[in-house]
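Below is one structure, written out as structure tokens; the observations come after it.
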Amino acid sequence: MDPIEKSGYYYPNKFALIMLEALEDVLGVNGLKAILNLAHLPELIDNFPSDNLKKEFDFSYVSAINKALEEIYGPRGGRGLALRAGRATFADSLKNFGALAGASDLAFKVLPMNTKMRIFTQVSDQHSTSKEMGDIFVYTIHRCPVCWGRHDLDKPVCFIAVGLLQEGMKWLSGGKEFRVNESRCVSMGDEVCEFIIEKIPMR
Ligand SMILES: [Zn+2]
């Protein structure tokens, strides 16, 4: 697989650390090593980012890892693993970042859903916005790390983001599962990556 060009945009190390640990849980130690090798990121093997908020983890690394998942496990297998890793990343981030959002207390739990969505949007590091339209939320990532540097694809690929949103909605709603679909993707030539979240939970 070809390397992905650096973006010059960064996630804080702490978030990258949480994501890599989630990937390791999902893939196993050797599974993650294979992914990092294929993704041209061998320097991360046994050498995860430090636990601090310095912005040093280039968006292209996320995209390379996502692409390597597809290459090694196939589109279907890669999608399932990316969803799981995305969900685990949100759950673990919440434990670490929850306090930043003032998100753990009862007052937050009783806020209307759209207000919670706005807060969720602000806590996440990439430039993203959300809006409410009838019975859906539209969540837009304007500078998407997951498909950074990829072009000419015929299907959306940002499943790590879908997993994050699914788990985010589960948390916001107190344990319900919501349908989340990526409707537009920069890798397909769209201007943004866009996710449609149905307001009525599946269960
Ligand atoms: Zn994307």
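Each value in this text was obtained by applying a stated rule to the coordinates, not by laboratory testing. The structure displayed is predicted, hence computed values, not measured ones. Here the Cβ positions follow ideal geometry from the backbone for every residue, glycine too, while neighbour counts run over all protein chains shown.
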Quick shape check on the chain: root eigenvalues a ≥ b ≥ c of the Cα gyration tensor, a/c under 1.5 is rounded, otherwise prolate if a/b tops b/c, else oblate, and it reads prolate
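Under a Cβ-only charge scheme (Lys and Arg +1, Asp and Glu -1), can you give me the dipole magnitude of the chain about the Cα centre, in debye to the nearest 20?
Details: 24 positive and 26 negative charges, 135 e Å.
For this selection, approximately 640 debye.
Relative contact order for the stretch 125-203 using alpha-carbon pairs under 8 Å, separation at least 6, rounded to a whole percent? Display every interim value, and only then the final one.
Details: 154 pairs, mean separation 27.1, N = 79.
Reported relative contact order: 34 percent.
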Placing +1 on each Lys and Arg Cβ and -1 on each Asp and Glu Cβ in the chain, then taking the dipole about the Cα centre, the residue among 202, 16, 36 whose Cα reaches farthest towards the positive end is 202
Which lysines have a Cα lying under 29 Å from the Cα of residue 95, excluding residues fewer than 8 positions away in the same chain? 14, 33, 54, 55, 67, 109, 116, 131, 170, 176, 199
Tell me, what ³J(HN,Hα) does each residue in the stretch 12-29 have, in order and in whole Hz, if you take phi through Karplus 6.51 cos²θ - 1.76 cosθ + 1.60 with θ = phi - 60° and put x for Gly and Pro? x, 3, 4, 5, 5, 4, 4, 5, 5, 5, 5, 4, 5, 4, 6, 9, x, 4
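Ranked highest first by average number of other Cβ atoms within 10 Å, how do 67-75, 160-168, 82-90, 39-47 line up? Walk me through the numbers before you get to the answer.
Values: 67-75: 18.3, 160-168: 25.8, 82-90: 23.2, 39-47: 14.3.
Peptide ranking by packing, descending: 160-168, 82-90, 67-75, 39-47.
Ranked by Cβ crowding within 10 angstrom, fewest neighbours first, how are 151, 127 ordered? Spell out each step's value before the answer.
Numbers: 151 9, 127 13.
Taking fewest neighbouring Cβ atoms as first place, the list is 151, 127.
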Span from the the stretch 1-54 Cα centroid across to the the stretch 129-201 one, whole angstrom: 22 Å
Using the Karplus equation 6.51 cos²θ - 1.76 cosθ + 1.60 (θ = phi - 60°), what ³J(HN,Hα) coupling, rounded to whole Hz, does each residue of the stretch 179-185 give in order, writing x for Gly and Pro? 7, 10, 10, 7, 9, 9, 8
Debye, to nearest 20: dipole size of the stretch 143-192, +1 on Lys, Arg Cβ, -1 on Asp, Glu Cβ: 180 debye
Normalised by the number of residues in the chain, what is the relative contact order in percent for Cα pairs under 8 Å and 6+ residues apart? 21 percent
Going by Cβ distance under 4.7 Å, what cysteines of the chain have no possible disulfide partner? 147, 158, 185
Mean separation of Cα contacts under 8 Å, 6 or more apart, over the residue count of the stretch 1-87: relative contact order %: 42 percent
When the chain is treated as a GNM, springs tying every alpha-carbon pair under 10 Å, which of 181, 66, 37 comes out with the largest mean-square fluctuation? 37
